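**Q** Mind having a look at this structure? Questions to follow.
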Amino acid sequence: MSDERQLLEAAQAGDEKAFALLVGTYQAQLRAHCYRMLGSLTDAEDALQETMLRAWNGLDRFGSRSSLRSWLYRIATNASLRMIEKRPKRVLPIDYGPAADPHVAFGEPLTESIWLEPYPDAELGVDAALLGPDARYEQRESIELAFAAAFQHLPARQRAVLILRDVLGFSARETAEALETTPASVDSALQRAHKAVEERVPGQTQQATLRALGDNDLREIVKRFADAWERNDVDAVVAMLADDARMTMPPWPSWYSGRDAVATFLRGWPLSARKRWRLLPTGANGQPAVAGYLWDERRGAFGAEFIIVLTLRAASIEEITAFRSPELFPLFGLPEQLAT
């Protein structure tokens, strides 16, 4: 704490290096906080940059009435709330429309910024020492796709209350100060948020499922999936699916429900004989994931195509979410192309 005080005094005197050291401890979790609020990695980056700028410009007005952590999260929360006012909520195709017929062409992607984006595990910045005593959700649990999507269905201020209270462990008083409201209003909003989220998330989180599987079984599932995909082996992929498995591909709104429908779609497009793939293991939203690279004849290389996030039910794949977001590959620390 004495080191933080010294850095704070130096930063308030105009030392930019001291400021960078002062806030550096918090940046990864602030970015994850903005993502939970916004459902978008790119928007979270913008909100984080605004937070850092506002913190630097307002540092001379920061006193000791609240902790630096609370002050930074207050700025980040309000930066996110301002962004939410300017754009529609982020969703997944399952929340956008009904399942599609896999025998029908799936049309054009929607380019509007309405789709939930994946979040790289490497950027999560899990540090229990930075959490308050009232945290209810695990940090990885609260970034899972089901939770990230459920948060987006909450009204913005309810979303902020839930994340501040249950993810970060803020007290009702701290949350009320951050949102300029009362502890009673915070408690009321939290109750409504709990009810809404519990209706949308599964009874067992992905973190519980992954722990039950263990690291070795999980690695084997990812390896089998990647190997089958690279071989264009639809039957092998489908054998790994639950009977009611789903596949989505934002920014395309079409999605498919059931093993047969998913199999028909896979044969018709991503795993057709003319496609060549290379997959790299990665991690997204606290879930197993792979980065998919599609052969590009013109470039003579495999180019970034999908970040595929797997949702598991026991040892079966319950959902394949293939984010066609090649622009996010650098933010995941992934190369934009692979040589042959």
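The values are calculated or read from the model by the stated rules, or taken from the named source; none is laboratory data. Bear in mind that the values here come from a model prediction, so they are computed numbers and not experimental data. Positions of Cβ are generated from backbone atoms using ideal geometry, with glycine treated the same way; all protein chains shown enter the neighbour counts.
**Q** Working only within segment 139-169, note down all residues that are in contact with a Phe, Trp or Tyr (Cβ under 9 Å, 6 or more places away or on another chain) and at pLDDT below 95.
**A** Hits for segment 139-169 are E141, S142, I143, D166, V167, L168.
**Q** Might you let me know whether segment 55-68 holds any residue that is within 21 Å of the chain's Cα centre (by Cα) and in a helix (DSSP H, G or I)?
**A** Checked against the condition, which is being within 21 Å of the chain's Cα centre (by Cα) and in a helix (DSSP H, G or I), segment 55-68 yields no hits at all.
**Q** Also, quick follow-up: Condition first: part of a helix (DSSP H, G or I) and under 26 Å from the mean Cα position of the chain (by Cα). Can you find one or more residues in segment 251-258 that meet it?
**A** No, the conditions are met nowhere in segment 251-258.
**Q** So which residues in segment 274-327 are more than 17 Å from N232 (Cβ to Cβ) and of a type in the set (K, R), if there are any at all?
**A** Residues satisfying the conditions are R298, R299, R313, R324.
**Q** Can N232 be described as of a type in the set (S, T, N, Q) and touching a Phe, Trp or Tyr at 6+ places or on another chain (Cβ under 6 Å)?
**A** Answer is no for this residue.
**Q** Moving on. Could you tell me whether segment 259-267 includes any residue that is without any contact (Cβ under 8 Å) to a residue 24 or more places away in the chain, at negative phi and part of a strand (DSSP E or B)?
**A** no
**Q** Considering every residue within segment 106-113, establish whether at least one is surrounded by 16 or more Cβ atoms within 10 Å (Cβ to Cβ) and at pLDDT below 95.
**A** Taking every residue of segment 106-113 in turn, at least one turns out to be surrounded by 16 or more Cβ atoms within 10 Å (Cβ to Cβ) and at pLDDT below 95.
Residues are listed down the side, and each one gets a yes or a no for (1) in a loop (DSSP other than H, G, I, E, B); (2) under 22 Å from L162 (Cβ atoms); (3) of a type in the set (A, V, I, L, M, F, W, C):
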| position | (1), (2), (3) |
| --- | --- |
| G14 | yes, no, no |
| L30 | no, yes, yes |
| A47 | no, yes, yes |
| S70 | no, yes, no |
| N78 | no, yes, no |
| P98 | yes, no, no |
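**Q** Yes or no: M240 under 23 Å from the mean Cα position of the chain (by Cα) and modelled with pLDDT of 95 or more?
**A** So M240 does not fit the description; no.
**Q** So, A315, is that one at pLDDT 95 or above, under 17 Å from A226 (Cβ atoms) and surrounded by fewer than 16 Cβ atoms within 10 Å (Cβ to Cβ) or not?
**A** Criteria met by A315.
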